[in-house]
Amino acid sequence: MDGATAVVTGASKGIGEQIAHAVAGAGAHTVICARDAEALERVEADIRDAGDSVTTIRTDVRDEYDVERLVETATREGNGAIQYVVANAGVYHGIAGETPLTEESYAAFDDHLRTNARGVFSTIREAVPHLGPDARIVVPTGVVARERMPGYGSYAVSKAAAEAVARGFAADLDVPVGAVDPGQVATDLSGDGGRDPESVAEMVLWALRDADPSALDGGVIDWGDYRSATR
């Protein structure tokens with residue numbers, strides 16, 4: 001990834017933080033964002049301490065003007081074109097598996113859709129004019145987007161919508177756009193008992209750099225696909 005420019009949203013903690021480390025460690029100038037400026041500065045310091053290149057900018061992906069500023073910053077700080085985009089920013093209002101739609105508040109429903117689906121749309125939409133010819137775009141997702149699982153409410157709805165956004169852009173763009181499903185991950189958002197975020201970051205790095213573009217484009221690559229391809 002030497003000389004490339006990458007954008008990672010939701011990079012202040014969890015999977016996003018580890019993806020930022022992995023992409024920067026692979027040589028890309030990595031532009032990271034989140035709503036929590038203090039946490040973002042901590043991630044920036046860690047990446048710089050590792051000797052890697054990073055720019056931070058506080059961004060709320062629910063605000064397209066914030067996202068526009070993010071991608072314009074990336075083109076200025078990088079090589080003039082964005083090569084990699086990871087639309088990772090997401091929220092979960094409640095405890096994973098304990099938020100059935102029958103009890104979901106309208107506020108939670110609206111913010112899940114605004115952040116997890118519209119945020120993916122704004123990230124990709126604003127990046128489009130700045131993409132390099134060999135760019136790749138990855139959207140982290142989960143099995144709740146596709147399978148009937150009780151208790152995930154509008155979070156599951158929002159992830160299904162995010163996958164649909166990725167498929168739509170895949171149909172309309174000349175660069176690969178796809179979703180990556182690592183399974184359950186041990187984060188504050190999804191709870192304990194899942195995979196280490198560092199191993200998930202390696203999966204995302206592989207999807208950005210090495211995965212068959214025809215498999216990524218418009219599709220969902222899961223953990224099994226990743227393990228089979230990297231044995």
Working from the pairwise distances between different alpha carbons, so that the mean of 1/r is found and then inverted, what is region 1-41's Kirkwood radius in Å?
-> 10.0
GluC sites (Glu not before Pro) in region 71-164 lying in a DSSP loop, each with at most 15 other Cβ atoms within 10 Å of its Cβ, come to Glu98, Glu147
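Quick one: divide the alpha-carbon radius of gyration of region 75-120 by 2.2 N^0.38 Å and tell me what you get.
Numbers: Rg = 15.7 Å, N = 46, 2.2 N^0.38 = 9.4 Å.
Rounded to two decimals, the normalised Rg is 1.67.
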At a 1.4 Å probe radius, carbon and sulfur cover how many percent of the accessible area of region 1-96?
-> 41
DSSP beta bridge pairing in region 1-138, given as percent antiparallel to the nearest 5 = 0
Whole-percent pair-distance distribution, where bins are 5 Å wide, for the alpha carbons of region 145-231 = 3, 13, 21, 23, 22, 13, 5, 1
Whose amide H sits under 5 Å from the amide H of Ala28, counting only residues 5 or more places off or on another chain, with H placed in the peptide plane?
-> none
For the Cα atoms of the chain, what angle does the longest principal axis make with the long axis of helix 153-172, in degrees from 0 to 90, nearest 10?
-> 40
Here P(r) for region 70-163, Cα-Cα distances in 10 Å bins, as whole percents, is 17, 41, 23, 15, 3
For the chain, longest principal axis from Cα atoms; helix 14-25 axis from its Cα atoms; angle between them, nearest 10 degrees, is 20
Counting other Cβ atoms within 10 Å, which trypsin sites (Lys or Arg not before Pro) in region 70-173 have at most 13 and lie in a DSSP loop?
-> Arg148
Global form of region 5-230, assessed from the alpha-carbon gyration tensor, a/c cut-off 1.5 = rounded
When the accessible area of region 114-228 is split by element with a 1.4 Å probe, what percent falls to carbon and sulfur?
-> 46
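How many percent of DSSP beta bridges within the chain run antiparallel, rounded to 5?
Beta bridges within the chain, antiparallel portion: roughly 5 percent.
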Mean accessible area per residue over region 5-230 (1.4 angstrom probe, all protein chains present, square angstrom) is 44
Given the convex hull over the Cα atoms of region 1-71, what projected area results after averaging over all orientations, in nm²?
-> 4.1
Pairing the Cα long axis of helix 37-49 with the longest principal axis of the chain, what angle in degrees results, from 0 to 90 and rounded to the nearest 10?
-> 50
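The values are calculated or read from the model by the stated rules, or taken from the named source; none is laboratory data. The model shown is predicted, which means the values in this text are computed figures rather than measured ones. We place every Cβ from the backbone using ideal geometry, glycine too, and count neighbours over all the protein chains shown. For the accessible areas, the whole protein counts, side chains as well, though only heavy atoms, and no ligand, DNA or RNA atoms are used. Shrake-Rupley method; radii C 1.70, N 1.55, O 1.52, S 1.80 Å.
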